[in-house]
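Novice: Here it is: the structure, laid out below.
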Amino acid sequence: MSSSTPAFPPELEREIFETIAYHYPEMIANLLLVSRRTYEWIDRMQYTTVTSYETQWTCQAKHLVRAIQSNSKPASFFHCHVRRVFLTATPITDIGQILSACGGIQNLMLAFQKLSESVISGIAGLKPRRLGLSWESLPKDANPHMPVFAFLTHFHMLSHLSAPKSTVRLSSFLAQLPVLTHFAAFCNPDRGDFAVAARDILTACKALRVFVLNPIYWRKNSEFSESLPSMDDVRFVYLYLGFGNCHLWNGWISQTRGGIDFWARADAFVAKKGRGEIQPASRCWIEPPDCVPEFDPL
């Protein structure tokens, strides 16, 4: 009889460890200690998604900065493996280091009212697919043909859509983004001028598939419908993100793991409207009978 220890093929062994690390990220620290090869397989996974706060599913920004500063890994490591970043309440110097070292970020959310010029310069070197930041953070001479916007499909403007005069430049800017298909912005439901601004954007951006307005607080649907009497564009969705925008944060985390965020809900609703499944056809908010997927709880 053979006394050799049974072993899986290396490819299968690696898939097993990576699957465990993905579904049970709290075990990554222990998996890294199993062997040299598991360390090489798993180490990169702990930096894929980075946030300002420590969660079960993400790497905390300060830990990433510490790893960058240690110079223990080649410069290409963070460029290749950091893919999603959500930062708020993070020191400017840390943001700058992250953007400088992690040139391969695909999904970037910077939840700040305004960013420094150094941070904006750091963003200019990226090519994200999804981007969230305030309109005020962009310089007035921002060029929509800059490389940073070349692959941008989802833009969440973390600012209020308000007076039409302030959105003339915005409409023109959005219309020139080469592959933009999804746009979202916040609004104050007590101010009706955002409705005109929203229509201007929809008119200017023919290639836009989904336009989401996030009210800063919830109003009854009947009250909201009175403020948008002619907003019947199938692409338009009015979607509240919950108290303190809890669904923005939870949805962002959930989406990184294949779950439902507000973009996915909006996509599903717009698709149903396009098929004539939403009644009345002019309704732009989601109701329970629509059977649109709910936000995934964390």
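The values are calculated or read from the model by the stated rules, or taken from the named source; none is laboratory data. Here the structure is a predicted model, which is why all the values come from computation and not from measurement. Glycine also receives a Cβ, built like all others from the backbone with ideal geometry; neighbour counts cover every protein chain displayed.
Novice: Out of I95, I105, I16, I need the residue that is part of a helix (DSSP H, G or I), surrounded by 14 or more Cβ atoms within 10 Å (Cβ to Cβ) and either in contact with a Lys or Arg (Cβ under 6 Å, 6 or more places away or on another chain) or at negative phi (or both). Which one?
Specialist: On the way: I105 fails: part of a helix (DSSP H, G or I); I16 fails: surrounded by 14 or more Cβ atoms within 10 Å (Cβ to Cβ).
That would be I95, the only listed residue that is part of a helix (DSSP H, G or I), surrounded by 14 or more Cβ atoms within 10 Å (Cβ to Cβ) and either in contact with a Lys or Arg (Cβ under 6 Å, 6 or more places away or on another chain) or at negative phi (or both).
Novice: Could you pull out the residue among P139, P128 that is assigned to a loop (DSSP other than H, G, I, E, B) and modelled with pLDDT under 85? Before the answer, list the steps.
Specialist: Values: P128 fails: modelled with pLDDT under 85.
Unique residue meeting the criteria: P139.
Novice: Next up: Determine, yes or no, whether Q60 is of a type in the set (S, T, N, Q) and touching a residue at least 12 places away in the same chain (Cβ under 8 Å). Steps first, please.
Specialist: Details: of a type in the set (S, T, N, Q): yes; touching a residue at least 12 places away in the same chain (Cβ under 8 Å): no.
Answer is no for this residue.
Novice: Does segment 154-169 contain any residue that is among the β-branched types (V, I, T) and modelled with pLDDT of 85 or more? Walk me through it before giving the result.
Specialist: Restricting attention to segment 154-169, the residues satisfying the condition of being among the β-branched types (V, I, T) are 167-168.
Then drop every residue that is not modelled with pLDDT of 85 or more, which leaves none.
So far as segment 154-169 goes, no, none of its residues is among the β-branched types (V, I, T) and modelled with pLDDT of 85 or more.
Novice: Evaluate the following for R37: is it among the charged types (D, E, K, R), over 24 Å from Q255 (Cβ atoms) and at pLDDT 85 or above? First the steps, then the outcome.
Specialist: Values: among the charged types (D, E, K, R): yes; over 24 Å from Q255 (Cβ atoms): yes; at pLDDT 85 or above: yes.
So R37 fits the description; yes.
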